[in-house]
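A.B. asks: Sharing a structure here in structure tokens format.
The values are calculated or read from the model by the stated rules, or taken from the named source; none is laboratory data. What you are looking at is a predicted structure, and each value in this text was computed from that prediction instead of being measured. Cβ coordinates were reconstructed from backbone atoms using ideal geometry, including for glycine residues, and neighbour counts include every protein chain displayed. Calculation scope for accessible area: heavy atoms of the full protein, side chains included, ligands and nucleic acids excluded. Shrake-Rupley method; radii C 1.70, N 1.55, O 1.52, S 1.80 Å.
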Amino acid sequence: MLNMVSLGLISILVGFLGSLTGLGGASILIPILVFLGIPVKEAIASAMVAIIATSSGSASSYVRARITNVRVAMYLEMFTITGAIAGATITTIIHPTYLYFFFAAFLLTASMKFKDSINKEFTPSKNQDRVAKWLQLKGSYFDESTKEVVEYKVNNAIAGGMGMLVAGLAAGMLGIGAGAFKVTVHENILKMPPKVSSTTSNFIIGMTALAGVSVYLFSGLLNLTLMAPMAVGTTIGAVIGGRILNRISNRSLRILFFVIVASLIAQMLYKGVMSI
Amino acid sequence: MTANRSGSGGPKLETSISYLLIVGVIVSLVLEIIGIIILYRSYGHLAISQDTSMFIQGHNLFSFIYEQFQGKHAEGSAILCLTAGIIVLILTPYIRVIASVIYFGWEKNIKYVLITLFVLAVVTLSLALH
């Protein structure tokens with residue numbers, strides 16, 4: 001039987017996984033809540049709190065350790081928020097069935113690329129496009145697992161921005177944080193190191209979730225007895241995740257990400273088939 | 001080691017955002033825990049409730065906060081604490097954007113002032129509407 005204590009404990013795990021992978025945690029939490037008998041709309045609305053808690057809880061450690069690139073995050077937030085609001089608006093026009101299949105295909109393609117890169121070390125981009133250079137989109141951080149300073153330059157700023165617009169659209173249309181899309185864009189298009197990708201995604205995801213708050217408030221679906229244990233649990237989990245991320249290897253992080261994305265693909269396909 | 005860790009941005013921005021997030025998260029966490037304790041003492045259980053008093057609703061975030069200050073939704077100290085904790089949690093990322101605008105303005109970094117102002121304007125608009 002689900003009560004506030006058991007939900008709090010589940011949320012610790014969700015916050016922990018969400019903070020490590022940059023996925024926010026809603027995509028893990030919502031199916032669990034629905035399985036345990038919470039109405040789906042209520043679960044989606046309340047999970048927004050879990051995303052913000054995961055984002056702020058983990059970002060407090062990542063930002064201080066300078067793994068999160070704040071400038072890159074600010075630049076990308078412009079696109080993702082615009083996308084999220086546009087997505088929330090056009091979701092009434094396009095049938096969600098197409099979206100589920102589209103994003104399942106997108107994640108499937110991206111995860112193939114991730115699977116190949118699990119055993120490869122991150123190689124920083126030597127080149128930088130004009131926009132990225134103009135916006136000083138570069139950085140460095142100290143990787144505690146390798147005991148090395150990792151320097152990197154962000155590339156393809158415009159294409160990456162467009163990718164984040166699509167990620168924002170996904171978030172707005174499907175009511176998810178779309179962290180999987182964000183991390184994919186960060187690594188594959190913007191050429192950011194895995195740890196910078198997931199932590200910067202975590203930072204941005206809180207802002208994307210924030211954009212939808214008023215919609216959920218107006219809908220009257222925000223249940224305090226759901227949100228309170230979720231906020232406490234995910235914050236604790238995210239803070240723990242934030243403390244250990246820098247000590248684990250990029251390979252372990254990619255495997256964890258790959259496993260969660262695989263379950264997300266299954267979820268998207270299931271929802272797509274069920275909505276036909 | 002600290003010198004090696006520094007990247008392109010000013011470390012002060014990272015430090016101030018980090019502290020802001022920590023304070024927001026801790027205040028919200030404390031309020032939520034106090035709220036849960038009061039709830040348990042009042043009802044004797046911690047079940048997930050479908051009672052309408054446990055649902056929060058407002059026209060938009062800003063009007064909802066304003067109504068809280070006016071005490072329109074205050075129906076008990078547990079609900080008040082839980083609601084306040086959620087509001088603090090929601091406002092934490094919003095305040096960090098305001099702090100970033102101020103920081104880049106103080107640094108006279110026009111490019112990033114414009115970028116952060118754009119984000120702030122869009123988020124404010126989305127929170128003011130529904």
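A.B. asks: So which of A:126/A:191; A:138/A:191; A:126/A:182; A:126/A:195; A:133/B:12; A:153/A:182 end up more than 20 Å apart by C-alpha?
C.D. replies: Beyond 20 Å between Cα atoms: A:126/A:182; A:133/B:12.
A.B. asks: Which FRET efficiency value, to the nearest 0.05, is calculated for residue A:109 and residue A:249 with the Förster distance at 25 angstrom and r the Cβ-Cβ distance?
C.D. replies: Efficiency computed from Cβ-Cβ geometry: 0.50.
A.B. asks: Of B:28, B:49, B:100, which has the largest mean-square fluctuation in a 10 Å C-alpha GNM of chain B?
C.D. replies: Ranking B:28, B:49, B:100 by mean-square fluctuation puts B:49 first.
A.B. asks: Within chain A, what is the longest stretch that has no trypsin sites (Lys or Arg not before Pro) placed in a DSSP loop and near at most 15 other beta-carbon atoms within 10 Å?
C.D. replies: Formally, the longest exposed-site-free interval is A:148-276.
A.B. asks: Between residue B:62 and residue A:146, what is the FRET efficiency for a Förster distance of 45 Å, r being their Cβ-Cβ separation, to the nearest 0.05?
C.D. replies: 0.45
A.B. asks: Here is a follow-up. If you build a Gaussian network model of chain B, linking Cα atoms that sit under 10 Å apart, which residue out of B:84, B:47, B:99 swings the most?
C.D. replies: B:47
A.B. asks: Tell me, how many Å apart are the Cα centres for segment B:37-63 and for segment A:210-275?
C.D. replies: So the two Cα centres are separated by 22 Å.
A.B. asks: Which shape class, rounded, prolate or oblate, goes with chain B when its Cα gyration tensor gives a ≥ b ≥ c as root eigenvalues, a/c under 1.5 marks rounded, and past that a/b bigger than b/c marks prolate?
C.D. replies: Here chain B falls in the oblate category.
A.B. asks: How many Cβ atoms of partner chains, on average, are near each residue of A:61-68 if near means within 10 Å of its Cβ?
C.D. replies: 5
A.B. asks: Any chance you could run the full-extension gain for residue B:102 through residue B:124? It's 0.36 nm times the residue separation minus the Cα-Cα distance, nm to one decimal.
C.D. replies: 6.3 nm
A.B. asks: Quote to one decimal, in nm, the extra length available between residue A:6 and residue A:162 on full extension: 0.36 nm per residue of separation minus the C-alpha distance between them.
C.D. replies: 52.2 nm
A.B. asks: Next question. Once fully extended, how much extra length lies between residue A:259 and residue A:102, figured as 0.36 nm per residue of separation less the alpha-carbon to alpha-carbon distance?
C.D. replies: Length difference between fully extended and current span is 54.5 nm.
A.B. asks: Give the accessible area for residue A:95 in Å² (nearest 10); use a 1.4 Å probe, count only protein heavy atoms, and leave out ligands, DNA and RNA.
C.D. replies: 90
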